[in-house]
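Following: one structure in structure tokens, then a few remarks.
The values are calculated or read from the model by the stated rules, or taken from the named source; none is laboratory data. The model shown is predicted, which means the values in this text are computed figures rather than measured ones. Positions of Cβ are backbone-derived with ideal geometry, glycine not excepted, and every protein chain shown enters the neighbour counts.
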């Protein structure tokens, strides 16, 4: 049975897509079977996996509208070692079309159920807003990984996200919970970041992943080459941190 995890945060620019593609590549390196689902109409996770979103014949848009299955629409990211259910600009129109359809918030869940035995992990990259697309992701998932910077405004955004997850858990998906908080773009030289990190650990305990992703130039450069940092430069500190995070997630998987 696949562990389905949303990578979500309502605050933009916190490294959701970077985390999704690098975690997928890290898990693939460890021999896990991974499906990455790109739910953001910008298609950054698709492009960051080496797939040209303009040339994709079938995407997550077709899956949500039930004109294609996940097996038909998923594409192999050859250099990365995982499968991608890609997104492009068409997906922005799905928001409007889904409103009129039955079971509009559970369409992705139903589609993923058909490939449950084919993967060990399904990672869903959500857009930075609580939209119908994000709701489909949350309704499909067992848990949410929250990448966050250790800054004051990030704590405020986290409060909003926790409330959203509680509402989805209560009304739509009883399995949903916070899998863990991942500290990203971390610079230990900045006192405030260390203080916020300590606050997170004090408040959330073991819900904070042990792995910390450092601020790293090679991770930022990798998307321009259409690759996750883990594949683009495996020796970079950021890449090694994401592989370590993948190991930690595999260790925790039985309890998710």
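Exactly one condition in (1) closer than 30 Å to residue 196 by Cα; (2) modelled with pLDDT of 95 or more is not met by residue 76; state its number.
(1)
This table checks each residue for (1) in contact with a strand residue (DSSP E or B) (Cβ under 6 Å, 6 or more places away or on another chain); (2) closer than 18 Å to residue 140 by Cβ; (3) surrounded by fewer than 21 Cβ atoms within 10 Å (Cβ to Cβ).
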position	(1), (2), (3)
22	no, no, no
29	no, no, yes
33	no, yes, yes
42	no, no, yes
54	no, no, yes
71	no, yes, yes
78	no, no, yes
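Collect the residues in the stretch 57-84 that are in contact (Cβ under 8 Å) with a residue 24 or more places away in the chain, within 23 Å of residue 25 (Cα to Cα), in contact with a helix residue (DSSP H, G or I) (Cβ under 7 Å, 6 or more places away or on another chain) and in a loop (DSSP other than H, G, I, E, B), keeping them in residue-number order. Steps first, please.
Of all residues in the stretch 57-84, those in contact (Cβ under 8 Å) with a residue 24 or more places away in the chain come to 59-61, 63-66, 69-71, 74-75, 77-84.
Then keep just the ones that are within 23 Å of residue 25 (Cα to Cα); that gives 59-60, 70-71, 74-75, 77-84.
Next, from what is left, pick out any that are in contact with a helix residue (DSSP H, G or I) (Cβ under 7 Å, 6 or more places away or on another chain): 59-60, 70, 79-82, 84.
Result: 59, 79, 80, 81.
To keep it simple, each residue is scored yes or no on (1) under 15 Å from the mean Cα position of the chain (by Cα); (2) over 28 Å from residue 93 (Cβ atoms); (3) touching a residue at least 60 places away in the same chain (Cβ under 8 Å).
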| site | (1), (2), (3) |
| --- | --- |
| 132 | no, no, no |
| 141 | yes, no, yes |
| 150 | no, yes, no |
| 163 | no, yes, no |
| 172 | no, no, yes |
| 181 | yes, yes, no |
| 193 | no, yes, no |
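Give the stretch 99-119 a look and list any residue that's modelled with pLDDT of 95 or more, outside any helix (DSSP H, G or I) and surrounded by fewer than 17 Cβ atoms within 10 Å (Cβ to Cβ), or say none.
114
Under 8 Å between Cβ atoms, at least 6 apart or on separate chains: pull out the pairs that start in the stretch 89-116 with a residue that is touching a residue at least 24 places away in the same chain (Cβ under 8 Å) and end on any residue that is part of a helix (DSSP H, G or I) and surrounded by fewer than 16 Cβ atoms within 10 Å (Cβ to Cβ).
Close Cβ pairs satisfying both conditions: 114/71; 115/71.
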